[in-house]
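Below is one structure, written out as structure tokens, with a few remarks after it.
The values are calculated or read from the model by the stated rules, or taken from the named source; none is laboratory data. Not measured: the values here are computed from a predicted model. Here Cβ is always computed from backbone atoms with ideal geometry, including for glycine, and neighbour counts include all displayed protein chains. Just the protein is used for accessible areas: all its heavy atoms, side chains included, with ligands, DNA and RNA removed. Shrake-Rupley method; radii C 1.70, N 1.55, O 1.52, S 1.80 Å.
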Amino acid sequence: MERDHSVETPREPGSKTRSSIIAHQGDVPDELIYDLKAYSSISVLSCPENPRLLQDFLLAHAPDWLVVGAKADDFDVHNAFSTTHSTNADLKLAILGDPEDQARCRRWLQRGCSAYLASSVESRKFLNALSIAHQGFMVVDEVFRSDSPTLSPGERLTRREHEVLNLLSGGLSNDQIARVLSLSRSTIEFHLKRIYGKLKVNNRVEATAHANGLRI
């Protein structure tokens, strides 16, 4: 497991006691921004493109996340993020990139971004990635991972296991999943144990990441 130093469906990142602030710069898709603005618990801010103003903007607004598009100037973003992070240690960085550009993904993971996702990422997957990364994990879209496992026929999930996993990734507890599927809690725990074993994961967070096409 790789590590870096935040529901309902979909999960929303950050603290439960205040609105999460997501600042974006560069060519972040308009559709993603529009979807994020639909959440009352998320404030979406547009950063200035001028690199000289970016750092001042981040210091003034203290966002939880800086989200950067595929065509942003990586050098300027890295400088602004590093300087701001020294003052606001809670600031996290999410990068959107072209699946064909594996080298950029590796560079940003080495620089300490918390989430690296495809530019075409849907809002549900995006928010789930930020929610997982908020817990201290480094999250990478599976399209950037050449080591993604392929399940053998004996390791593939059954229809019922898929149902349990989908409800789990939606933030439901074991008791809630049992009620939805009209099963006992012990049966749900049995299915989860089999799911964890097949997916080679250790907990709900890792299973949720797998269900959303993410790796941590």
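When Rg and the Kirkwood radius Rh are both evaluated on Cα atoms of the range 63-180, their ratio Rg/Rh stands at 1.05.
Of 92/200; 37/125; 37/92, which sit over 22 Å apart, Cα to Cα? Beyond 22 Å between Cα atoms: 92/200. Highest mean first, the peptides 36-42, 94-100 sorted by other C-beta atoms within 10 Å per residue fall in the order 94-100, 36-42. In this structure, the amide hydrogen of residue 118, modeled 1.01 Å from its nitrogen in the peptide plane, lies closer than 5 angstrom to those of 97, 141, counting only residues at least 5 positions away or on a different chain. Over the range 151-207, the ratio between the Cα radius of gyration and 2.2 N^0.38 Å evaluates to 1.04.
Rolling a 1.4 angstrom probe over the protein heavy atoms, how many square angstrom per residue are accessible across the range 35-145?
Numbers: 5010 Å² over 111 residues.
Result: 45 Å² of accessible area for each residue.
For the range 53-118, the share of accessible area belonging to carbon and sulfur comes to 49 percent (1.4 Å probe, ligands and nucleic acids excluded).
Put one equal scatterer on each alpha carbon of the range 12-137, apply the Debye formula with no solvent term, and list log10 I(q)/I(0) at q = 0.20 1/Å to two decimals. So the normalised log intensities work out to -1.20. Spin-label model, residue 173/residue 193: points 7 Å from Cα along the beta carbon direction are separated by 2.1 nm.
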